[in-house]
Amino acid sequence: MVSDEKAARGIDQAVFGQLPDGRQVDVYRFTNANGIEMRVINYGGIILSLKTPDAQGEFDDIVMGFDSLDDYLSDEYRQANPYFGALIGRYGNRIAGGRFSLDGETHSLATNDGDNHLHGGRQGFDRVLWQAEPFENDEGAGLVLRYTSEDGEEGYPGRLETEVTYTLTDADELVVDYRATTDKATPVNLTQHSYFNLEGEGRGSILDHHLTINADAFTPVDDTLIPTGEIRPVEGTPFDFTQPTPIGERIEQDNEQLMFGKGYDHNFVLAEQAASSSEPVLAARVWEPDSGRLLEIATTEPGIQFYSGNFLAGDLTGKRGQAYEHRSGFALETQHYPDSPNQADFPSTILEAGETYRSRTIYRFSAQESAGS
Ligand code: BGC
């Protein structure tokens, strides 16, 4: 893409592959007026690639992923379970022991992370085929994805009708809107699991990225990454990202929480949101010094999971044929806090029958030569 030429905004669609049961998976490509390009598949709502310009106007792909469906279906990938670029549901992050009580009834969920339930279970929303409908409007172009999760799926009560809309705007934003309704009370905590490397995916470590998180507190975890229930101030700890700080600066410090996470793998309590707000508020900002790329994330959610790619082990090969090494991508997942169904003092994640779950997250892409603030 030539940077000084206005690109035509557009959408195209092609066959991406077939699931083992024969169902077809499609890939949609969206290009905005400034040449930013995103590819999404209807399997898992996975964002395959996202190309944005650096400070020199050079485009590169800043999310981890693969170019073929087989790579997402391989045993190797399913065992490593990194959830590259996928939609997560019904519940982002962990539920302790895979169980919770609701209205006097105990529900047992699929356990897929030791004894815990992680990211919706064995067949979460990252592994289902969504119904997809592309659209274009004044703001940009995108895809509406719909999936109905049946009563009892992965152990959850209620039939959940879910709709997620990705809009790539001409203001260089990716807007993700989540909506869900249920016929019985059930926990819902939807998120997006893209791994970013703002220098370009497969181009090495993310430890030099400068991170700011608008959070004065975080939720410490036990050694299975379940929150203890405490809301702990970040001040004076390696979890203080209230000022821009390189991710790697304190990651090796002798700290019990960093040891449990093998690095950062924690939920941050967003400062300006005690509970969900209806307008997105700036939650995090990441700037990469070599490319100058800047990612800003605003959300209506009360929390954000910062995961520094600690479980990446170099055994998966990405789009450039490069091994995805330890800490070569990070995820910032907007969410309610992990294990909320078992934590009475955390903001509630229970969606009642007749209510509508709504959540919005905006990823804004730009580039600048210096860190700024
Ligand atoms: C979790 C990590 C997990 C990763 C990939 C993150 O959201 O917090 O513990 O390893 O997702 O599954």
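The values are calculated or read from the model by the stated rules, or taken from the named source; none is laboratory data. All figures in this text were calculated on a predicted structure; none of them were measured in a lab. A quick note on method: Cβ atoms are made from the backbone with ideal geometry, for glycine too, and the neighbour counts reach across all protein chains shown. All accessible areas refer to the heavy atoms of the entire protein, side chains included, with ligands and DNA or RNA removed. Shrake-Rupley method; radii C 1.70, N 1.55, O 1.52, S 1.80 Å.
What to note about this one:
- Residues located in segment 100-121, provided they are under 23 Å from the mean Cα position of the chain (by Cα) and not acidic (Asp, Glu): Leu109, Ala110, Thr111, Asn112, Gly114, Asn116, His117, Leu118, His119, Gly120, Gly121
- Extreme residue, nearest to the ligand (Cβ to nearest atom), among residues of segment 277-289 that are of a type outside the set (Gly, Ala, Ser) and within 16 Å of Gly329 (Cα to Cα): Val286
- Residues located in segment 83-109, provided they are open to solvent by 10 Å² or more (accessible area, probe 1.4 Å), touching a strand residue (DSSP E or B) at 6+ places or on another chain (Cβ under 7 Å) and more than 10 Å from the ligand (Cβ to nearest atom): Ala96, Gly97, Arg99, Leu102, Thr106, His107, Ser108, Leu109
- Failed item, numbered, when Glu249 is tested on (1) part of a loop (DSSP other than H, G, I, E, B); (2) over 21 Å from the mean Cα position of the chain (by Cα); (3) within 16 Å of the ligand (Cβ to nearest atom): (3)
- Contacts under 8 angstrom Cβ, first residue in segment 120-134 being on the phi < 0 side of the Ramachandran plot, partner in a helix (DSSP H, G or I), 6 or more apart: Arg122/Glu154; Gln123/Glu153; Gln123/Glu154; Gly124/Glu154
Yes/no matrix, rows are residues, columns are (1) within 22 Å of Glu333 (Cβ to Cβ); (2) of a type in the set (S, T, N, Q):
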{"residue": "Phe125", "(1), (2)": "yes, no"}
{"residue": "Asn137", "(1), (2)": "no, yes"}
{"residue": "Glu154", "(1), (2)": "yes, no"}
{"residue": "Pro157", "(1), (2)": "no, no"}
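- Subset of segment 110-131 [under 21 Å from Leu351 (Cβ atoms), aliphatic (A, V, I, L, M) and either modelled with pLDDT under 95 or surrounded by 17 or more Cβ atoms within 10 Å (Cβ to Cβ) (or both)]: Leu118, Val128
- Qualifying residue in segment 261-272 (condition: touching a Phe, Trp or Tyr at 6+ places or on another chain (Cβ under 6 Å), in a loop (DSSP other than H, G, I, E, B) and modelled with pLDDT of 95 or more): yes
- Condition met for Phe16 (in contact with a helix residue (DSSP H, G or I) (Cβ under 6 Å, 6 or more places away or on another chain), of a type in the set (A, V, I, L, M, F, W, C) and in contact (Cβ under 8 Å) with a residue 24 or more places away in the chain): yes
- Against the conditions (1) outside any loop (DSSP other than H, G, I, E, B); (2) closer than 17 Å to Tyr337 by Cα; (3) open to solvent by less than 20 Å² (accessible area, probe 1.4 Å), Ser49 satisfies every one except (2).
- Residues in segment 290-319 that are closer than 15 Å to Phe196 by Cβ and more than 12 Å from the ligand (Cβ to nearest atom): Asp290, Ser291, Gly292, Arg293, Leu294, Leu295, Glu296, Ile297, Gly318, Lys319.
- Among the residues of segment 320-345, just one is of a type in the set (D, E, K, R), closer than 26 Å to Ile251 by Cβ and more than 16 Å from the ligand (Cβ to nearest atom), namely Arg320.
- Failed criterion for Ser348 (all others in (1) in contact with a helix residue (DSSP H, G or I) (Cβ under 8 Å, 6 or more places away or on another chain); (2) in contact (Cβ under 8 Å) with a residue 24 or more places away in the chain; (3) more than 13 Å from the ligand (Cβ to nearest atom) hold): (2)
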